[in-house]
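Scroll down for the structure; my scribbles are underneath it.
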2 protein chains.
Amino acid sequence: MQPKIGHRGSYTYGQFHQKSRKALEMLDYSPALMTDMYEYTMLDACLKDGTANRKCVFEIFTRHLPLGRHYGVAAGQGRILDALEKFHLDDNDLKFLADRKVVSPETIKWLENFHFSGSIKGYHEGEMFFPNSPILQVEGTFGECTLLETLLLSILNYDSAVASAASRMVSAAKDRPCMDMGGRRTNEWAAVAAARAAVVGGFKGTANLLAAQMYGLKAIGTAAHCFTLVHDDERSAFESQIAALGKNTTLLVDTYNIEEAVKTAVDVAGPELGGVRIDSGDLASLAQRVRNQLDALGATNTKITVTNDLDEYALASLQTAPVDSYGVGTMLVTGSGAPTCAMVYKLTERENSAGEMQPVAKKSKDKATVPGRKLAFRSYEYSLADCEHVISGSEDKLAAYQPEDGWKDLLVDYVTNGENHSEYQGHDAIVNAHNYRAQALAELPIGAQSLMKGDPVIPTEVTVL
Amino acid sequence: MQPKIGHRGSYTYGQFHQKSRKALEMLDYSPALMTDMYEYTMLDACLKDGTANRKCVFEIFTRHLPLGRHYGVAAGQGRILDALEKFHLDDNDLKFLADRKVVSPETIKWLENFHFSGSIKGYHEGEMFFPNSPILQVEGTFGECTLLETLLLSILNYDSAVASAASRMVSAAKDRPCMDMGGRRTNEWAAVAAARAAVVGGFKGTANLLAAQMYGLKAIGTAAHCFTLVHDDERSAFESQIAALGKNTTLLVDTYNIEEAVKTAVDVAGPELGGVRIDSGDLASLAQRVRNQLDALGATNTKITVTNDLDEYALASLQTAPVDSYGVGTMLVTGSGAPTCAMVYKLTERENSAGEMQPVAKKSKDKATVPGRKLAFRSYEYSLADCEHVISGSEDKLAAYQPEDGWKDLLVDYVTNGENHSEYQGHDAIVNAHNYRAQALAELPIGAQSLMKGDPVIPTEVTVL
């Protein structure tokens with residue numbers, strides 16, 4: 001599908017470029033060393049004593065939601081699949097591990113043809129999660145599963161933090177579109193992931209071009225203050241922008257004096273002016289004044305975009321102001337106070353020396369884990385979720401387990417015996433996740449959308465069979 | 001220099017691998033689209049009207065330090081130089097910009113051979129900064145300078161956030177080494193940058209292998225709880241680790257019962273055991289009990305490492321506990337409550353239509369800027385910094401400006417007419433920045449190291465000549 005031309009970068013949501021798998025083609029690096037060293041030293045010791053071949057089940061979950069949040073939004077699964085396809089060690093990587101003596105020569109040998117051959121299931125991208133939700137379960141040998149720990153956590157922790165913040169912002173913005181403009185306030189690669197996660201969390205587009213290119217996202221943006229400043233005066237800046245981008249563009253009107261700028265803007269563009277952007281001051285009052293001024297000038301269809309350190313609370317407070325769309329930066333890419341989800345990757349079941357699978361758990365103070373592989377379901381009452389059910393048990397018992405009628409099975413297959421389920425990768429998967437999140441949030445009690453601090457909106461019930 | 005072998009990943013600080021410029025060789029991508037779309041749309045309009053060729057000076061600064069901090073640590077300059085070398089648009093990028101109609105065909109042509117040919121000066125990596133410190137100044141044509149905005153801000157904002165947090169932690173840890181273990185709690189690429197920034201901020205090493213490989217950093221780490229759990233019992237896990245990594249390794253002792261684990265550890269390794277790690281519970285009390293137990297078992301040289309959501313406040317409270325080193329994760333990579341530095345990139349001076357350079361500034365409410373290019377100095381009284389002096393003026397006036405005796409000139413040349421000063425890139429530059437930060441912090445009043453919230457430890461005086 002082609003983007004609409006004219007008001008550049010402002011195509012309607014849904015008209016994403018259809019370039020699935022673009023991300024994969026563009027990322028010509030292996031994430032195999034995006035890993036804590038102990039994953040490799042553990043592998044080395046376990047290859048020596050034979051336990052590296054033990055079948056294992058690892059689980060990713062979080063013990064708590066941040067800051068009195070009522071739910072989280074799982075994101076990053078598609079990026080995990082991309083990363084797995086690239087996860088191999090090249091000669092430089094092997095030489096590095098050998099030179100540093102991180103692992104023994106035998107382990108270097110083992111790593112030469114490394115490819116994850118296990119299976120991964122987990123929550124749908126865009127799904128709500130709660131404390132102890134088994135967001136991802138990784139099954140394979142100890143050796144191959146342990147190498148994935150750091151990378152999987154990095155992706156899920158950051159992407160879910162951004163998607164969770166985005167989701168709160170989108171709720172607070174009601175039907176007004178939110179756009180990601182936060183790239184400059186986080187690491188340059190995190191910015192790309194954040195743009196993608198923002199769309200999973202309900203945003204409609206991003207200012208970040210690499211994210212737009214890699215994931216086929218809608219890109220937005222017109223001009224900054226320096227554009228006005230580099231010109232001799234505001235009028236010539238506006239004239240230049242209109243000449244280049246058309247009358248449907250958005251003019252930034254707060255470089256000098258907003259009232260004068262709005263007057264000049266309509267003077268230059270006429271009432272067909274696409275929009276104005278306000279980036280400072282009391283946004284609600286200013287939007288109201290600018291709306292009245294625009295209407296008085298006949299520019300009744302000219303849109304108002306506001307930006308300026310917005311978060312979900314600011315968006316909620318702007319609900320009655322005549323604003324048409326929001327650009328959100330810092331607070332989006334930093335998770336609005338919760339820049340990580342504190343997800344962990346824990347061994348829950350493993351083969352013993354007799355070849356039998358056994359549940360295992362650590363008993364560390366405040367950090368004990370629930371042993372055993374898990375199923376996960378969400379139950380509903382009057383069409384609203386009322387409980388997250390996490391069922392732990394042996395493979396046999398779980399296979400025989402019958403959930404109650406109407407329970408939603410929360411686990412989907414991402415990887416089966418080393419093969420990706422590619423429908424969860426690429427552009428289409430992001431659109432699906434975007435829609436999935438809207439639906440899943442609508443199925444939670446409305447208290448989920450409250451900005452008051454409180455408990456998770458539904459309890460998690462853990463049952464050990 | 002070769003790392004010491006035996007206790008893997010535990011070489012003494014200073015014995016970094018000498019692989020400067022390794023990062024560059026490894027990053028085979030262009031950051032040219034790690035950019036907000038409006039940089040390109042502005043370029044397009046300015047190429048059309050001729051202002052793209054106006055000479056400009058842009059400045060990066062922050063209006064305030066976060067959260068009552070007393071100083072910030074500038075980091076990321078070396079990564080900026082790496083990124084500039086890679087900043088070009090390949091055919092895919094040009095096609096993307098053309099297909100999306102982000103810019104016109106004429107601008108595509110202009111971009112084909114894009115290379116930044118301007119100059120950049122700024123604060124030394126590892127230097128202290130304060131509100132309005134001109135951390136980086138970029139001089140060139142409007143067109144070339146505007147394309148760099150997003151990328152430069154992404155790098156400086158995140159790296160400086162991590163280095164600033166790291167510096168506070170290192171102060172709180174006194175002489176005990178701090179190690180980065182935070183990769184899993186941030187974006188996977190941010191993790192690599194965080195490891196580097198942590199070392200700039202005073203850390204001694206990282207768990208992140210890619211950072212160790214790219215920047216020649218010391219790598220650390222031995223085993224996680226899953227290593228103990230995958231074995232039939234704790235003793236066989238410890239035996240396996242000792243067999244693979246030697247007696248000088250660090251054993252994780254809190255999977256089940258710490259007292260029993262310590263007994264088993266010394267039983268298996270003997271008193272030559274390198275170290276034990278505690279990752280849960282009341283770390284101070286546990287460290288004290290474990291120290292006494294180790295001493296009673298004759299393992300008087302066995303070190304104690306603690307990890308578990310540490311931040312600068314936790315480290316300060318552990319000063320009297322018998323701990324030898326710290327592993328810091330989440331709070332490091334998320335900037336300990338300040339995941340970005342809120343730095344901005346503003347046009348301060350530009351050529352006018354008559355070809356003369358003119359200071360410019362925006363007047364947006366609460367976001368007004370100080371016009372003109374800047375010099376920056378730090379003055380001292382009794383060997384302690386007492387003021388940051390920011391001097392603004394025309395190029396002529398600044399050239400004639402005489403700072404007072406003993407003022408430290410804070411600006412160094414990073415890029416001159418498109419050529420990097422490569423001594424600020426690569427491994428050696430990181431070691432220099434690490435040392436620079438320690439010296440610069442020692443020259444601040446000791447109040448800088450207080451964990452109490454307060455004002456910047458020295459004022460910034462802005463003088464317009």
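Scanning segment B:308-323 for residues that are β-branched (Val, Ile, Thr) and buried (at least 20 other Cβ atoms within 10 Å of the Cβ) yields one hit, B:VAL323. Scanning segment B:249-261 for residues that are surrounded by fewer than 20 Cβ atoms within 10 Å (Cβ to Cβ) and more than 9 Å from chain A (Cβ to nearest Cβ) returns B:GLU259, B:GLU260. Every test in (1) crowded, with 19+ Cβ neighbours inside 10 Å; (2) modelled with pLDDT under 95; (3) away from every other protein chain (no Cβ under 14 Å) is passed by B:GLU388 save one, and that test is (2). All conditions in (1) facing another protein chain (nearest Cβ under 10 Å); (2) buried (at least 24 other Cβ atoms within 10 Å of the Cβ) hold for A:SER236, with the sole exception of (2). Looking across segment A:428-458, just one residue is part of a helix (DSSP H, G or I) and basic (Lys, Arg), and that is A:ARG437. Collect the residues in segment A:239-248 that are crowded, with 18+ Cβ neighbours inside 10 Å and without any contact (Cβ under 8 Å) to a residue 24 or more places away in the chain, keeping them in residue-number order. Result: A:SER240, A:GLN241, A:ALA244. When you go through (1) crowded, with 24+ Cβ neighbours inside 10 Å; (2) within 19 Å of A:ALA448 (Cα to Cα); (3) in contact with a Ser or Thr (Cβ under 6 Å, 6 or more places away or on another chain); (4) of a type outside the set (Ser, Thr, Tyr) one by one for A:GLY126, which number turns out not to apply? The failed condition is (3). Look at B:VAL412 and say whether it is within 26 Å of B:GLY447 (Cα to Cα), at pLDDT 95 or above, among the β-branched types (Val, Ile, Thr) and crowded, with 16+ Cβ neighbours inside 10 Å. It is false that B:VAL412 is within 26 Å of B:GLY447 (Cα to Cα), at pLDDT 95 or above, among the β-branched types (Val, Ile, Thr) and crowded, with 16+ Cβ neighbours inside 10 Å. Restrict the check to segment A:327-340 and report whether at least one residue is closer than 30 Å to A:LEU441 by Cα, at the interface with another protein chain (Cβ under 10 Å from one of its Cβ atoms), surrounded by fewer than 18 Cβ atoms within 10 Å (Cβ to Cβ) and modelled with pLDDT of 95 or more. So far as segment A:327-340 goes, yes, one or more of its residues are closer than 30 Å to A:LEU441 by Cα, at the interface with another protein chain (Cβ under 10 Å from one of its Cβ atoms), surrounded by fewer than 18 Cβ atoms within 10 Å (Cβ to Cβ) and modelled with pLDDT of 95 or more. Residue under question is A:SER154, and the condition is that it be under 25 Å from A:GLU349 (Cα atoms) and either among the aliphatic types (A, V, I, L, M) or not in a helix (DSSP H, G or I) (or both); does it hold? Judged against the criteria, A:SER154 is not a match.
Where residues in segment A:128-171 are at the interface with chain B (Cβ under 9 Å from one of its Cβ atoms) and in contact with an Asp or Glu (Cβ under 7 Å, 6 or more places away or on another chain), which of them is farthest from A:PRO31 (Cα to Cα)? For segment A:128-171, the residue satisfying everything is A:THR146. For A:ARG277, state whether it is surrounded by 16 or more Cβ atoms within 10 Å (Cβ to Cβ) and in contact with a Leu (Cβ under 9 Å, 6 or more places away or on another chain). Considered against the rule, which asks whether it is surrounded by 16 or more Cβ atoms within 10 Å (Cβ to Cβ) and in contact with a Leu (Cβ under 9 Å, 6 or more places away or on another chain), A:ARG277 comes out as yes. Selection of segment A:40-58 for residues being buried (at least 24 other Cβ atoms within 10 Å of the Cβ) and part of a helix (DSSP H, G or I) yields A:TYR40, A:THR41, A:MET42, A:LEU43, A:ASP44, A:ALA45, A:CYS46, A:THR51. Among the candidates A:ALA361, A:ALA376, A:ALA299, the residue that is buried (at least 18 other Cβ atoms within 10 Å of the Cβ), within 21 Å of A:LEU65 (Cα to Cα) and touching a Pro at 6+ places or on another chain (Cβ under 6 Å) is uniquely A:ALA376.
The set of residues from segment B:203-213 being under 21 Å from B:ALA442 (Cα atoms) and either surrounded by 24 or more Cβ atoms within 10 Å (Cβ to Cβ) or hydroxyl-bearing (Ser, Thr, Tyr) (or both) comprises just one member, B:PHE203. Total residues in segment B:202-233 satisfying the condition of being facing chain A (nearest Cβ under 10 Å) and either assigned to a helix (DSSP H, G or I) or hydroxyl-bearing (Ser, Thr, Tyr) (or both): the figure is 14. Considering every residue within segment A:281-289, establish whether at least one is in contact (Cβ under 8 Å) with a residue 24 or more places away in the chain, at the interface with chain B (Cβ under 7 Å from one of its Cβ atoms) and surrounded by fewer than 23 Cβ atoms within 10 Å (Cβ to Cβ). Looking for residues that are in contact (Cβ under 8 Å) with a residue 24 or more places away in the chain, at the interface with chain B (Cβ under 7 Å from one of its Cβ atoms) and surrounded by fewer than 23 Cβ atoms within 10 Å (Cβ to Cβ), one finds at least one in segment A:281-289, hence yes. Taking the listed residues B:ARG69, B:ARG79, the one that is charged (D, E, K, R), within 10 Å of chain A (Cβ to nearest Cβ), buried (at least 21 other Cβ atoms within 10 Å of the Cβ) and in contact (Cβ under 8 Å) with a residue 40 or more places away in the chain is B:ARG79, with no other qualifying. Using the structure shown, decide if B:LEU47 is farther than 30 Å from B:ALA376 by Cβ and either more than 8 Å from chain A (Cβ to nearest Cβ) or touching a Phe, Trp or Tyr at 6+ places or on another chain (Cβ under 8 Å) (or both). So B:LEU47 passes the test. Looking only at segment A:174-201, filter to residues that are part of a loop (DSSP other than H, G, I, E, B) and either within 10 Å of the chain's Cα centre (by Cα) or buried (at least 24 other Cβ atoms within 10 Å of the Cβ) (or both); which one of those is nearest to the other protein chains (Cβ to nearest Cβ)? Of everything passing the filter in segment A:174-201, A:ASN187 is nearest to the other protein chains (Cβ to nearest Cβ).
Just to be sure before I move on: is B:ALA376 without any contact (Cβ under 8 Å) to a residue 24 or more places away in the chain and aliphatic (A, V, I, L, M) in the structure I sent? Judged against the criteria, B:ALA376 is not a match. Does B:ASP405 count as more than 14 Å from chain A (Cβ to nearest Cβ) and in a loop (DSSP other than H, G, I, E, B)? It is true that B:ASP405 is more than 14 Å from chain A (Cβ to nearest Cβ) and in a loop (DSSP other than H, G, I, E, B).
Considering B:LEU347, B:LEU318, the condition of being of a type in the set (A, V, I, L, M) and more than 10 Å from chain A (Cβ to nearest Cβ) is satisfied by B:LEU318 alone.
The values are calculated or read from the model by the stated rules, or taken from the named source; none is laboratory data. Predicted model, so just to flag it, every value in this text is computed and none were measured. Cβ: placed from backbone, ideal geometry, glycine included. Neighbour counts: every protein chain shown.
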